Amino acid sequence: MPEVSKPAPAVTPQMAPFFAAALRGELMVQQCADCGASRFPAREICPGCLSRAARWIKVSGRGEVLSFNVMHQVYHPGFAAEVPYAVVMIKLEEGPAMVSNLIGVKPHEIRCGMPVEVVFERVNDQVALPKFRPRAAG
Ligand SMILES: [Zn+2]
């Protein structure tokens, strides 16, 4: 069977700072320049105060598993070799949540509240994806 590559996310203008940071090995989220609330993914308007003023801030890359789902079906041939794999919702220490994958842990070992840290997986010249791995608590 020919190898099929995984789909890579499109780098939209709104998310360009996030992907540029990921290529440097940094995790960034958007922050409202008025009320200071951080959010991910990027939005035009702050859901808290409706301000349009925003900046990107570097975050620690640490967080915990908020929720997860183990995929047993092959929904895209590019992922066939990885089934079963987990899709996890990570709550970052700075507040926002992001959907990603956990590496270095078997799907049945994943627990909500598990402390994790970011690692970056290079997909192509434009895209490095933040993935997470377990870390010691604290
Ligand atoms: Zn705001």
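The values are calculated or read from the model by the stated rules, or taken from the named source; none is laboratory data. Owing to the predicted nature of the structure, the values given are computational and were not obtained by experimental measurement. Please note: Cβ atoms are built from the backbone with ideal geometry, for glycine as well, and neighbour counts cover all protein chains shown. Note: accessible area is taken over every heavy atom of the protein model, side chains too, but ligands, DNA and RNA are not part of it. Shrake-Rupley method; radii C 1.70, N 1.55, O 1.52, S 1.80 Å.
Reported count of residues in segment 109-122, each being more than 21 Å from Glu93 (Cβ to Cβ) and open to solvent by less than 60 Å² (accessible area, probe 1.4 Å), is 0. Only a single item in (1) open to solvent by less than 40 Å² (accessible area, probe 1.4 Å); (2) over 17 Å from Pro107 (Cβ atoms) is not met by Val65, and it is number (2).
Once segment 91-109 is narrowed to residues that are touching a Pro at 6+ places or on another chain (Cβ under 9 Å) and part of a strand (DSSP E or B), the residue that is farthest from Ile57 (Cα to Cα) is Leu102. Among residues of segment 31-59 that are more than 16 Å from Met98 (Cα to Cα) and touching a residue at least 24 places away in the same chain (Cβ under 8 Å), none has a Cβ under 6 angstrom from a residue that is more than 8 Å from the ligand (Cβ to nearest atom) and of a type in the set (Asp, Glu) at a sequence gap of 6+ or on a separate chain. Tell me yes or no: at least one residue of segment 17-27 is over 14 Å from the mean Cα position of the chain (by Cα), part of a loop (DSSP other than H, G, I, E, B), more than 15 Å from the ligand (Cβ to nearest atom) and under 20 Å from Phe120 (Cα atoms). Yes.
Looking only at residues in segment 36-61 that are within 21 Å of Val119 (Cβ to Cβ) and outside any strand (DSSP E or B), which one is farthest from the ligand (Cβ to nearest atom)? Per the criteria, the residue is Gly61. Identify the residue in segment 124-138 that is over 20 Å from Glu93 (Cβ atoms) and open to solvent by less than 60 Å² (accessible area, probe 1.4 Å) and, among all such residues, is nearest to the chain's Cα centre (by Cα). Looking at the filtered set, the residue picked out is Ala128.
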